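Worksheet: the structure to be examined is printed underneath.
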Amino acid sequence: MALQNLVHRLRQFRTWHHWVGISVALFMLITSTTGVLLGWKKNVEVLQPATLKGESKNLHEWVSFDKVGTVAARAVDSVVGRAIEIDRMDVRPDKGIIKVTFKEGYWEVQVDGATGKILSVAQRHADWIEHLHDGSIISDGFKLIYTNYIGLGLLVLSITGFWLWYGPRKIRKVKRG
């Protein structure tokens, strides 16, 4: 009876492994590919622009945030051809710069904190890749469903995969005596 139970369980796990694997394969392909790209984002400038250095690290010498916002908005407007709202300003005192990111188009402007001079205007491709990676490119609700589906799918594949490896060994052991 124990042998028949083991064989039945092994067949059941094989079926689950098969169907869960098929259902999460595309999502896992997207997540793994974007994960590899995100791992390289600091090393490949196409994915994320390199952080440049400003003239001064002394915050007392820096221009106002108002000026930084105005200069950055003008810089993006000149590239894109229309005004885009600022999302955030990332202050890097150790580099002497402020990175200004925008709500649309994944644009980034690096501004010298001391002079207010534009150092770089570029798109941050790593940001949309990250949104694709976690599913938030569609919506926050989809992100929650997507990440849970991938996580639970991987958990089921791990458990059933282990059993598909271990089950035949256990069956051989039971048959031997």
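Here are a few things to note about the model shown:
- Restricting the trypsin sites (Lys or Arg not before Pro) of the range 90-121 to loop positions (DSSP other than H, G, I, E, B) with no more than 14 neighbouring Cβ atoms within 10 Å leaves K103, K117.
- DSSP-assigned coil residues among GluC sites (Glu not before Pro) in the range 56-163, each with at most 14 further Cβ atoms within 10 Å: E85, E104
- The range 18-40 and the range 90-161 have Cα centres separated by 18 Å.
- A simple spin-label model places the labels of D140 and I171 4.9 nm from each other, with each point 7 Å out along Cα-to-Cβ.
- Between helix 2-39 and the chain: long-axis angle, C-alpha atoms, 0 to 90°, nearest 10: 10 degrees
- Which listed pairs, of K57/K117; K41/K99; K95/K143; K42/K103; K67/K95, have C-alpha distances above 26 Å, in listed order: K95/K143
- Listed peptides 47-59, 164-176 by packing density, highest first (mean Cβ within 10 Å): 47-59, 164-176
- For W107, the residues whose modelled amide H falls within less than 5 Å of its own, excluding neighbours fewer than 5 places apart on the same chain, are F102, R124.
- Every helix of 4 or more DSSP H residues in the chain counts as -39500 (n - 2.57), and over all residues that averages to -20000 deg cm²/dmol at 222 nm.
- Pairs of alpha carbons in the chain whose separation is greater than 27 Å (percent): 51 percent
Since every read-out is calculated from the coordinates, none of them should be taken as a lab result. Quick caveat, the model's predicted, so the values are computed rather than measured. We place every Cβ from the backbone using ideal geometry, glycine too, and count neighbours over all the protein chains shown.
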